[in-house]
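See structure below.
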Amino acid sequence: NIPEANPTAILTFAGAMFIVVGRYVYKVTATTETADKDFGSGVLATHATVFNNELVVGLGGSTTKIWKRDTAGTWTQAVDAVYCQYFSVAGDGKLVANRSTAKISRIGATDNPLTLANWSAEVPVGDNSVPITGLGALGEQDAVAKEDGLYLGDVSAIFKNVLPQVAANRDADNGKSMLIRGGEIFYPWKNGLICYISGWSDEVGIQQQLTSAVASDSIVPTTRITALASQSQYIWAVTEPSWKPYGTPTGFKKT
């Protein structure tokens, strides 16, 4: 049974599927589901990634240091003061993370993420008071989602907001579940979805497809996107329900 929380990451690692949700990491094979790691009461994972053949989990804030798991199943927590919220593996194989609210840092492709000395100096991205909500890589560029827009870094590590129209609609969920497919970035914001490509952007959210008749139907979900996935030429979106379920979710489905 999966606790009542939104998964922060679903990853393939060491021949199995790992679901990072709430205080737990679940390992799922073809026939079994097991709780692989419990981070403890009051601890919530914020993101996870596979880096240098290890599973790395961030727990945000400044109270719970990051964890990593090797292919043998051994979990190790940082002794150094390494706190991370979101991760991204850059085009050159380096691991990028935000170790504070609005700054990013990185380590080499084979460095140990648990060692503080391996991390570079932090680089500010936009307004230091506006939180980062997601990280990604667009070729050799770092793509940083924030509550007030999408920031792309240049060779001088200067970040420009390429979606300035978002700033007037700042929201805590803006940029969460950002998806990068090839040269396209899909950025969820408030009740929509923006596609950015090569200096051009357009609203492509589900509300662009709904007719007024369908939108008035009580069973139609809201247009606020909570997860994205890419499959060939398709983009799949999960939207927040417009109604409160009668029961508590108790599991997940796979196909």
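Worth pointing out:
- Computed over neighbours whose Cβ is under 11 Å from that of Ser230, the net charge equals 0, Lys and Arg +1, Asp and Glu -1.
- Shown is the FRET efficiency for Thr63 and Val204, computed with R0 = 51 Å from the Cβ-Cβ distance and rounded to the nearest 0.05: 0.85.
- Compactness relative to 2.2 N^0.38 Å, alpha carbon Rg of region 140-181: 1.15
- Helical content of the chain, expressed as a calculated mean residue ellipticity at 222 nm, amounts to 0 deg cm²/dmol (DSSP H runs of 4 or more residues, -39,500 (n - 2.57) each, divided by residue number, nearest 500).
- Each listed q (0.10 Å⁻¹) maps to a log10 I(q)/I(0) for region 55-196, found by the Debye formula over equal Cα scatterers with no solvent: -0.33.
- Averaging the sequence gap over all C-alpha pairs within less than 8 Å and six or more residues apart, then dividing by the number of residues, gives the chain a relative contact order of 10 percent.
- Debye intensity ratio I(q)/I(0), log10, the chain, q values 0.10, 0.13 Å⁻¹ (C-alpha model): -0.51, -0.88
- Within a Gaussian network of the chain (alpha carbon springs, distance under 10 Å), most fluctuating of Gln141, Gln208, Gln85: Gln208
- Exceedance of the 26 Å cut-off in Cα-Cα distance is limited, within the set Lys37/Lys103; Lys94/Lys160; Lys65/Lys103; Lys27/Lys146; Lys65/Lys190; Lys37/Lys65, to Lys37/Lys103; Lys27/Lys146; Lys65/Lys190.
- Where Rh is the Kirkwood radius over Cα pairs, Rg/Rh for region 7-70: 0.95
Values quoted throughout were computed directly from the atomic coordinates according to the rules given, and no laboratory measurement underlies them. All of these numbers come straight from a predicted model, not from anything done at the bench. Positions of Cβ are generated from backbone atoms using ideal geometry, with glycine treated the same way; all protein chains shown enter the neighbour counts.
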